[in-house]
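Visitor: Next up is a structure, given as structure tokens.
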Amino acid sequence: MIRVLHITPHLGGGVGKALSGLARQAAAENAGVSHRFICLEALEKTQFVEAITSLGDPNFAVEVCPSPDRLRVAMAEADIVQFEFWNHPLLPKCLCEAELPPHRALFWCHISGLGNPRIPAGLAAIADRWVFTSACSLDNPAFSGLSDTERQSLGVVSSAGLADLPPLPQRQGRPPRLGYVGTLNFAKLYPRFVEFLAAVPLADLRVKLLGDIANRAELQARCIAAGRPELLEFAGYSEDIVAALAELDILVYLLNPLHYGTAENALIEAMAMGVVPIVLDNPAERRIVTHGLTGLVVNGPADFAEALSDLVNQPERRLALAQQAAEFARTRYTFAEMTAGLNAHYLNLMNAEKRHPAYAAVFGNRPCDWFKAFQNPNGPYADDGSIPAGADLAHGDFERSKGSVFHFLKYFPDNPRLRSWSRALAEPPRSAPRNARQTLA
């Protein structure tokens, strides 16, 4: 039995779905790999934890906020420690402060690392095994200097799972319905979303937005300014996303080119349900959608307007793309394939000796250092706690979570530099992002 211990900030969202699916698949296969989980923060949602604990097997258990001593014991008992990696403040704290015992370390990276948040320089080199969730991350220049042996330790294992989806719905005989699924925060949603839609010459165009209601007022104001007040329908968060997807025909999935996502579960689930995606030519999306085969990949408003108009006016083409997208997603993104990919890494990693990776040498010793480790070293966060006038800021800098300076300050309120950066961002001149890369020609 290979005993894998997962250390994760939490078990919500995409990571919760992936890890609960991994546990269920491993339990069903009974192939000699067990999975236990440690959550570093208190649970907000219990859906995926319950999916693991309902297995009723002590080899698949969850512990929440264990003491440092209990954490060390659990790591010492494990054959492999798998860190679910993204820029959550508690993860570098765990790595750098917990006096960890010798271990074999596998990092499953849930951010692309192509922009902010960055993958801290040197971390992949000291990990025993580094696994991405999207092939787009292999384009990261940070890994170009690795030796052949180090590059061979890199892998890609997707985190999606579609085992519970129903058969494809029948959509013929009605006008196509358009939608978007996900957060409306501009760190993820493309800030020019309304501009792209307004460029489409279809008078009755309407897009249903499924997700949180962040930026609703701003989006609505932009629709009014464009002379298209009825362009968007704000449906809010849906408890039954599969039923919501069954009502859609086209997914307008235009994401900020600077977003840090990889697996894009909302996109993959929509494709699996036969919803034809239109995406921007962003690194993660173009690894999922093949233009003209499983959806459409566009650049700029005119390109988008032509693509969407063609889909609306050509039902036979739309149906063919829907069927091809569903077949691809349901075949490629399964828990069985995900589990097999990770199992191969586990088997290989068992040949390594347990050791003490020098995490503090990568992240530093203070919370402000941990935050900076995820940032562009030439970015706006100066070592004196200031943010220079005219700094190159993005929407993600103003988030209250997602690894922003405000998120780190929430966990480390006594750190002077985090406080100073937070105050600088809160000044009136910082009220809007200045990053020129928010636009796409």
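Taken together, the values in this text are just the output of simple stated rules run on the coordinates, not laboratory data. Nothing here was measured: the structure is a model prediction, and the numbers come from that model. Here Cβ is always computed from backbone atoms with ideal geometry, including for glycine, and neighbour counts include all displayed protein chains.
Visitor: Report, to two decimal places, the Cα Rg of region 203-286 normalised by 2.2 N^0.38 Å (N = number of residues).
Guide: This ratio for region 203-286 stands at 1.14.
Visitor: Just grab the label-to-label distance for Asn348 and Arg366, each label 7 Å out from Cα along the Cβ direction, in nm (one decimal).
Guide: 3.9 nm
Visitor: On a straight-distance basis, which lysines could pair with Lys45 in a cross-link, Cα separation under 27 angstrom, same-chain partners fewer than 8 positions away excluded?
Guide: Cα-Cα hits under 27 Å: Lys17, Lys93, Lys188, Lys208, Lys402, Lys410.
Visitor: Per-residue counts of other Cβ atoms within 10 Å, averaged by peptide: what ranking do you get for 218-229, 410-421, 13-24, highest first?
Guide: Ranking, from highest mean packing down: 13-24, 410-421, 218-229.
Visitor: Across 5 Å bins from 0, what is the distribution of all Cα-Cα pair distances for region 24-79, in whole percents?
Guide: 4, 17, 28, 23, 19, 9, 1
Visitor: Residue by residue through region 101-115, which ³J(HN,Hα) values in whole Hz follow from phi under the Karplus form 6.51 cos²θ - 1.76 cosθ + 1.60 (θ = phi - 60°), with glycine and proline marked x?
Guide: x, x, 7, 8, 10, 10, 9, 9, 8, 9, 10, 6, x, 7, x
Visitor: In percent, how large is the relative contact order of the chain, given Cα pairs closer than 8 Å and 6 or more residues apart?
Guide: 17 percent
Visitor: To the nearest 500 deg cm²/dmol, what mean residue ellipticity at 222 nm is calculated for the chain from DSSP H runs of n ≥ 4 alone, each contributing -39,500 (n - 2.57), summed and divided by the residues?
Guide: Counting only the DSSP helices, I get -10500 deg cm²/dmol.
Visitor: Tell me the net charge near Leu418. Cut-off is 12 Å between Cβ atoms, Leu418 excluded, with +1 for each Lys or Arg and -1 for each Asp or Glu.
Guide: Net charge in that neighbourhood comes out at +4.
Visitor: If you don't mind, another one. Hey, if you put +1 on the Cβ of every Lys and Arg and -1 on every Asp and Glu Cβ in region 63-134, which of Ala127, Leu100, Ile111 ends up farthest toward the positive end of that dipole?
Guide: So the residue we want is Ile111.
Visitor: Sticking with this one: Which whole-number percent gives the relative contact order of region 149-214, counting Cα pairs below 8 Å spaced six or more residues apart?
Guide: Taking the mean separation of contacting Cα pairs over the length of region 149-214, I get 43 percent.
Visitor: Taking amide H positions as placed 1.01 Å from N in the peptide plane, with prolines and chain starts having none, which residues 5 or more places from Phe132, or on another chain, fall under 5 Å of its amide H?
Guide: Amide H to amide H, under 5 Å and 5 or more residues apart or across chains, Phe132 pairs with Cys109, Gly155, Val156, Val157.
Visitor: Using the basic label-point model (7 angstrom from Cα toward the beta carbon), what is the Leu293 to Gln47 distance in nanometres?
Guide: It is 3.1 nm.
Visitor: Return the sequence-ordered ³J(HN,Hα) values of region 192-200 in whole Hz as given by the Karplus equation 6.51 cos²θ - 1.76 cosθ + 1.60 applied to θ = phi - 60°, using x for Gly and Pro.
Guide: 9, 3, 5, 4, 5, 5, 5, 7, 7
Visitor: For the pair Arg400 and Glu306, how long in nm is the line joining their label points, each one 7 Å along Cα→Cβ?
Guide: Placing both labels 7 Å along Cα→Cβ, they lie 4.3 nm apart.
Visitor: Considering amide H positions built from the backbone, and no H for Pro or chain starts, which residues 5 or more places from Val33, or on another chain, come under 5 Å of its amide H?
Guide: Ile2
Visitor: Step by step: find N for region 57-134, compute 2.2 N^0.38 Å, then divide the Cα radius of gyration by it. What's the final number?
Guide: 1.16
Visitor: If you consider only alpha-carbon coordinates, what radius of gyration and Dmax does region 215-366 have, in Å?
Guide: 20.2, 65
Visitor: If you don't mind, another one. Any idea what Rg and Dmax come out to for region 278-375 if you just take the C-alpha atoms, in Å?
Guide: Considering region 278-375 through its Cα atoms, Rg and Dmax are 21.7, 60 Å.
Visitor: Quick one: compute the contact order of region 296-409, relative version, from alpha carbon pairs under 8 angstrom and 6+ residues apart, as a percent.
Guide: 10 percent
Visitor: At q = 0.23 Å⁻¹, what log₁₀ I(q)/I(0) does a Debye calculation on the Cα points of region 1-115 give, no solvent, two decimals?
Guide: With no solvent term, the Cα-only Debye profile gives -1.47.
Visitor: Apply 1/(1 + (r/R0)^6) to the Cβ-Cβ distance of Asp139 and Asp212, taking R0 = 35 Å, and write down the FRET efficiency to the nearest 0.05.
Guide: 0.70
Visitor: Between region 21-65 and region 228-295, what is the separation of their alpha carbon centroids in Å?
Guide: 29 Å
Visitor: Kindly write out, for region 44-55 in residue order, the coupling ³J(HN,Hα) from the Karplus curve 6.51 cos²θ - 1.76 cosθ + 1.60 (θ = phi - 60°), rounded to whole Hz, with x marking Gly and Pro.
Guide: Along region 44-55, the couplings run 9, 10, 10, 3, 7, 5, 5, 5, 6, 5, 5, 5 Hz.
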